[in-house]
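Novice: Next up is a structure, given as C-alpha cells.
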Amino acid sequence: MKRFHILVPHPEHESPGLWCWRDEWHATGQSAFALLAKFQRLNALSCTSLADCFGRREERRSVSGSIDLRDARQFDVRRLADVLRLPLEDIARAFVMPSHLARVIAVPTLR
C-alpha cells in the first residue's frame, strides 16, 4: 500500500484557521511534545510537515533536520500560540528551557 503525504508548501503564509485544534485537548502544564503530538495527530501531519509548520527558519527555506523539543528558540512560538489559540505564556512554559541552558541542564534524550 502506497502512502501519500499531504504537504503544505508555504505554511508561513497561512492563517491559523486552516488547521484543526480542539481547545479541550489542552491541559495546563503540558510539554511541547504533548502539544505538538496532539496537533500532528489531529491534522494527520508527518514529522517533517510539523517541523516545517512550527520550526524557526531564520532566512532558510526549510527547517534543519534536527529540532530540540527542549529549546523554545528553535520554534516559532508566536505561530504556535496563534494556531493553538493558547496564551504565549502557556506555549513558553511547554518547553524545558527557553534559552541556551536547555543543553546544559536537561538530559539530551527525550524520555
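Novice: For residues that are in a loop (DSSP other than H, G, I, E, B) and surrounded by 11 or more Cβ atoms within 10 Å (Cβ to Cβ), scanning just region 1-19, find the one that is modelled with the highest pLDDT.
Specialist: Among those that are in a loop (DSSP other than H, G, I, E, B) and surrounded by 11 or more Cβ atoms within 10 Å (Cβ to Cβ), it is Trp19.
Novice: Restricting the search to region 52-61, which residues are out of contact with any helix residue (DSSP H, G or I) (no Cβ under 9 Å at 6 or more places or on another chain) and modelled with pLDDT of 80 or more? First the steps, then the outcome.
Specialist: Of region 52-61, the ones out of contact with any helix residue (DSSP H, G or I) (no Cβ under 9 Å at 6 or more places or on another chain) are 58-61.
Of everything in region 52-61, nothing turns out to be out of contact with any helix residue (DSSP H, G or I) (no Cβ under 9 Å at 6 or more places or on another chain) and modelled with pLDDT of 80 or more.
Novice: Okay, moving on. Among the numbered conditions (1) modelled with pLDDT under 90; (2) part of a helix (DSSP H, G or I), tell me where Ser64 comes up short.
Specialist: (2)
Novice: Being at pLDDT below 60 and part of a loop (DSSP other than H, G, I, E, B), is that true of even one residue in region 83-98?
Specialist: Yes, some residue in region 83-98 is at pLDDT below 60 and part of a loop (DSSP other than H, G, I, E, B).
Novice: Would you pick out the residues in region 25-42 that are at pLDDT 85 or above, of a type outside the set (A, V, I, L, M, F, W, C) and either surrounded by 15 or more Cβ atoms within 10 Å (Cβ to Cβ) or more than 17 Å from Leu69 (Cβ to Cβ) (or both)?
Specialist: Those that are at pLDDT 85 or above, of a type outside the set (A, V, I, L, M, F, W, C) and either surrounded by 15 or more Cβ atoms within 10 Å (Cβ to Cβ) or more than 17 Å from Leu69 (Cβ to Cβ) (or both): Gln30, Ser31, Lys38, Gln40.
The values are calculated or read from the model by the stated rules, or taken from the named source; none is laboratory data. Nothing here was measured: the structure is a model prediction, and the numbers come from that model. Reconstructed Cβ throughout: ideal geometry from the backbone, glycine too, with neighbour counts over all protein chains shown.
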